[in-house]
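Data block below; observations after.
The values are calculated or read from the model by the stated rules, or taken from the named source; none is laboratory data. Bear in mind that the values here come from a model prediction, so they are computed numbers and not experimental data. We place every Cβ from the backbone using ideal geometry, glycine too, and count neighbours over all the protein chains shown.
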Amino acid sequence: MATPHGSRRGSMQYWPRVRAQRIHPKISFWTGNGVLGFSAYKVGMVQYLAEETRNNVNKGKEVIFPATVLEIPPVYPISVSFYKKTFLGKKKIASYFDIKALPKDLKKDIKRKFNYKTETGGKIPEKFDEIRLEVATFPRKIDLKKTPEIFELGASIGLEEAKGLMGKELKIGDFFSAGEYIEVTAITKGKGTQGVVKRFGCKLRNHHTKKGRRHIGSVGGVTPRKISYRVPFAGQMGYGQRTELNKLILKISDNPEEVNPKEGFKEYGLVKGSYILLEGSVPGARKRMVVIRKPREAKKANLEIKEILK
């Protein structure tokens, strides 16, 4: 029987395949009203029992679904960033900071990182097109041994309201609710340098091949005399920023005993603060920060949890 032929199995959607510049994601697009995103730390996965209410073959039946647990410590706004639209895109033109109301140990970390000589300062420009909140996480509040991570969140609010949030504790329940669809952005697991079979899913060659089974057969035609970037080669795999769309929020709760297994989550331990339960999987490793944000198209679903299977 002849060998079946087909298109290359490797996905070339993400390019360039290089390591992310930092361990938490950087987001340039925000939509919605109010504070448009939040941070969370990936814990692990559980299963839950629920009746399928969406239009598919299982509608009306009790189904076991996979879900991801994210622990969400509060975040603290430390500054307001001002952006102006230019022909090259949005450009940051100024920032105003106020860290007077921060918890003492968090304030110490912020001062050390930014070398602030005063607790309030910066510049508020007369004209600007967009404002964003620069916030700090506080992982020690949930006994997570990580340094505070500082990043920007989109904010569709007025300047005075943004200034009023400086130093105050923001909680997830004030901006998101169960039944909403959200977008999740994270840095995926790093897998180091890998060959074309694992990196692109290329087929193993015949065992009679002289130059290696796990190589590609051809790198292109004789002309043009160059190799296209589309040709799969070995290289860096993983540790890139990825966004998953339409992740359903199943539950937001302050009672971690609802999801904690007796022995704790593998490589994480016990959830000790507020948590959010998302349908399906989330990119990234355990204890890594992910960013959740409002979706481009707002929609809601009703999927009532009957039992969480630990």
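Condition test on Lys113, is it out of contact with any Phe, Trp or Tyr (no Cβ under 7 Å at 6 or more places or on another chain) and more than 20 Å from Val291 (Cβ to Cβ)? Taking the combined requirement at face value, the residue does not satisfy it.
Restrict the check to segment 216-228 and report whether at least one residue is of a type outside the set (Val, Ile, Thr) and either in contact (Cβ under 8 Å) with a residue 60 or more places away in the chain or crowded, with 16+ Cβ neighbours inside 10 Å (or both). Within segment 216-228, not a single residue is of a type outside the set (Val, Ile, Thr) and either in contact (Cβ under 8 Å) with a residue 60 or more places away in the chain or crowded, with 16+ Cβ neighbours inside 10 Å (or both). Assigned to a helix (DSSP H, G or I) and at pLDDT below 90, is that true of Lys113? Yes; evaluated as a whole, the condition is true for this residue. Of the residues that make up segment 86-99, is at least one part of a loop (DSSP other than H, G, I, E, B), among the aliphatic types (A, V, I, L, M), modelled with pLDDT of 85 or more and in contact with a helix residue (DSSP H, G or I) (Cβ under 6 Å, 6 or more places away or on another chain)? For segment 86-99, residues part of a loop (DSSP other than H, G, I, E, B), among the aliphatic types (A, V, I, L, M), modelled with pLDDT of 85 or more and in contact with a helix residue (DSSP H, G or I) (Cβ under 6 Å, 6 or more places away or on another chain): present. Counting only residues that are under 21 Å from Pro74 (Cα atoms) and among the acidic types (Asp, Glu), which one in segment 120-159 is surrounded by the most Cβ atoms within 10 Å (Cβ to Cβ)? Restricting to residues being under 21 Å from Pro74 (Cα atoms) and among the acidic types (Asp, Glu), the top hit is Glu152. Name the single residue, out of those in segment 219-263 being under 24 Å from the mean Cα position of the chain (by Cα) and hydroxyl-bearing (Ser, Thr, Tyr), that is farthest from Ile182 (Cα to Cα). Only one residue tops the list, namely Tyr239.
Scan segment 270-277 and tell me whether some residue there is of a type in the set (Ser, Thr, Tyr) and either touching a helix residue (DSSP H, G or I) at 6+ places or on another chain (Cβ under 8 Å) or more than 21 Å from His24 (Cα to Cα) (or both). Yes - at least one qualifying residue is present in segment 270-277.
In segment 58-83, the residues that are more than 22 Å from Ala155 (Cα to Cα) form Cβ pairs under 9 Å with partners that are assigned to a strand (DSSP E or B) and of a type in the set (S, T, N, Q), at six or more places apart or across chains, as follows: Ile64/Gln47; Phe65/Gln47; Pro66/Gln47; Ala67/Gln47. Taking the listed residues Gly273, Gly221, Gly212, Gly217, the one that is at pLDDT 90 or above and in a loop (DSSP other than H, G, I, E, B) is Gly273, with no other qualifying. Might you check whether a residue that is within 25 Å of Phe138 (Cβ to Cβ), at pLDDT 85 or above and part of a loop (DSSP other than H, G, I, E, B) occurs anywhere in segment 45-58? There is no residue in segment 45-58 that is within 25 Å of Phe138 (Cβ to Cβ), at pLDDT 85 or above and part of a loop (DSSP other than H, G, I, E, B). Between Asp105, Asp129, Asp109, Asp143, the distinction of being within 30 Å of Leu309 (Cβ to Cβ) and out of contact with any Asp or Glu (no Cβ under 8 Å at 6 or more places or on another chain) belongs to Asp143 only. Listed conditions (1) out of contact with any strand residue (DSSP E or B) (no Cβ under 6 Å at 6 or more places or on another chain); (2) under 30 Å from Tyr76 (Cβ atoms); (3) among the aliphatic types (A, V, I, L, M) are all met by Val184, apart from (1).
Okay, residues lined up against (1) modelled with pLDDT under 90; (2) among the basic types (Lys, Arg); (3) in contact with a Cys (Cβ under 7 Å, 6 or more places away or on another chain); (4) within 17 Å of Ser81 (Cα to Cα):
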site: Gly158; (1), (2), (3), (4): yes, no, no, yes
site: Ile172; (1), (2), (3), (4): no, no, no, no
site: Glu180; (1), (2), (3), (4): no, no, no, no
site: Thr188; (1), (2), (3), (4): no, no, no, no
site: Gly192; (1), (2), (3), (4): no, no, no, no
site: Arg199; (1), (2), (3), (4): yes, yes, no, no
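In segment 288-302 there is no residue that is at positive phi and either at pLDDT below 95 or assigned to a loop (DSSP other than H, G, I, E, B) (or both).
One residue stands out among those in segment 229-268 that are buried (at least 17 other Cβ atoms within 10 Å of the Cβ) and at positive phi: the one that is modelled with the highest pLDDT, which is Tyr239.
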